[in-house]
Amino acid sequence: MARRKSKKQTHLGASNGPKNQATSANAISRTPKSMVIRVGAGEVGPSVSQLVKDVRSMMEPDTASRLKERKANKLKDYLTMSGPLGVTHLMLFSRSDSGNTNMRLAITPRGPTLHFHIEKYSLCKDVRKALKHPKAGGKEYVAPPLLVMNNFTTPQSDTDAENRIPKHLESLTTTVFQSLFPPISPQTTPLTSIRRVMLLNREISQDEDDGSYVLNLRHYAITTKATGLSKPLRRLNAAEKLLNSQQVKGKKGGLPNLGKMDDIADYMVGGVDGSGYMTDATSGSEADTDAEVEVVETRAKKLMTRQRKDREEGKVKNSGNSVEKRAVKLVELGPRMRLRMTKVEDGVCNGKIMWHEYIHKTKEEIKELDKKWEKKRQEKEARKRIQKENVEKKRQAKGLGSKGKEGEDDDDDEMDVDEWDSEGLEGDAEMELNEEMDERGEWEDAEEEIAAG
């Protein structure tokens, strides 16, 4: 009889979580999560599709990196799933019939929504081709990037112009972008976890009549290297670390080629009479002295033998200082985007227009619009109430009785959720249609039909 095979392999757990630490539910719920959605699926073109992939990599790790869109998906589908999945932000990329690329940044589930026109953009592959020494993807995407914002609020004297963006909308835009990533604490956040920077710079126009709000987005990787050492010595230190690492033990590819030299001094000094000696001051490719920072070693060190420990302590005593000077350099990862804000809505892609770049209304027109939106809200509540009464009457007629459960209100809310198209452009057209029906008195007929069942 054949011997039964015993199972020897086991499933490994997730490797990207914190080790030996239990993550609380409150910490998970407070972490912002995003969905970068390509509206219209294959209709946006290959360039916009690649831009969406690049933005997803920039928003990692708290984003849906492998999200697959379908043409049949509507905005309501993503909003329905954003609650159970804990998604707080939606970034919607679309392309109009005229070829304009647009981006909408919405906070779920109640809004607001910022509408941007993407005037220019560069993909990650284009940025890498333009760099002499591009940065390859690695552990930089394990932690969210550091957000740096500049010129988001204008001075008080510059906001007196009529076409300028109001002060409260500037603070709203600042809050929306700040909520994209989890906040950092200088006391608790480890320095090694900050490996990327997302820079948002607002272009302030000198023209007083120009009321545009333009943002430039850049994405960089943070690289550091020790200063005060010559380039040959740095190469030897890097080769020593490479040989001591267990992953590449036995390989000699990191060692410099010294076969044509008689002495190590020829490599360290270089040239005739030391004319080729290169330091940070003489090298034109090194980082500027303004980018130097002092870093204290805070990482956990491995256990070492007594002899090696004595050698390390001797090095520290000879140096006289355990603080290490390192040069900080930013390497661009991409993508690049130039965003021009065109509209701010109160809801999620369907609500009251709080600000528009091209349409400016007087105070009287704003009051009239507020009255119309208040009337729409009251009509919606009336439809909900009538809907609920009709459902209760039908249940009583069938002898089922009333539910009396807490989940009933949630079901009624879902029943009255407006249907949004995938383009997200139905809100303006729906408002115009509602106004026309209001003028013709068709809303009263519709209410009577709903009341009649």
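All conditions but one from (1) open to solvent by less than 70 Å² (accessible area, probe 1.4 Å); (2) under 23 Å from the mean Cα position of the chain (by Cα); (3) modelled with pLDDT under 95 apply to residue 195; the one that does not is (1). Here residue 381 meets each of (1) open to solvent by less than 100 Å² (accessible area, probe 1.4 Å); (2) of a type in the set (D, E, K, R); (3) over 28 Å from residue 167 (Cα atoms); (4) touching a residue at least 40 places away in the same chain (Cβ under 8 Å) with one exception, condition (4).
Can we say residue 118 is open to solvent by 60 Å² or more (accessible area, probe 1.4 Å) and hydrophobic (A, V, I, L, M, F, W, C)? Criteria not met by residue 118. Are any of the residues in the stretch 198-219 assigned to a helix (DSSP H, G or I), open to solvent by 50 Å² or more (accessible area, probe 1.4 Å) and either within 22 Å of residue 57 (Cα to Cα) or out of contact with any helix residue (DSSP H, G or I) (no Cβ under 7 Å at 6 or more places or on another chain) (or both)? Checked against the condition, which is being assigned to a helix (DSSP H, G or I), open to solvent by 50 Å² or more (accessible area, probe 1.4 Å) and either within 22 Å of residue 57 (Cα to Cα) or out of contact with any helix residue (DSSP H, G or I) (no Cβ under 7 Å at 6 or more places or on another chain) (or both), the stretch 198-219 yields no hits at all. Of the residues making up the stretch 41-71, just one is over 21 Å from the mean Cα position of the chain (by Cα) and touching a residue at least 60 places away in the same chain (Cβ under 8 Å), namely 71.
Results for (1) touching a residue at least 40 places away in the same chain (Cβ under 8 Å); (2) in a strand (DSSP E or B); (3) of a type in the set (Asp, Glu); (4) open to solvent by less than 50 Å² (accessible area, probe 1.4 Å), shown as yes or no for each residue.
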site	(1), (2), (3), (4)
168	no, no, no, no
173	yes, no, no, yes
180	yes, no, no, yes
186	no, no, no, no
189	no, no, no, yes
223	yes, yes, no, yes
232	yes, no, no, yes
235	no, no, no, no
238	no, no, no, no
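The values are calculated or read from the model by the stated rules, or taken from the named source; none is laboratory data. Keep in mind that this is a model prediction, so the values were computed, not measured. Here Cβ is always computed from backbone atoms with ideal geometry, including for glycine, and neighbour counts include all displayed protein chains. The area values use the complete protein model at the heavy-atom level, side chains included, leaving out ligands, DNA and RNA. Shrake-Rupley method; radii C 1.70, N 1.55, O 1.52, S 1.80 Å.
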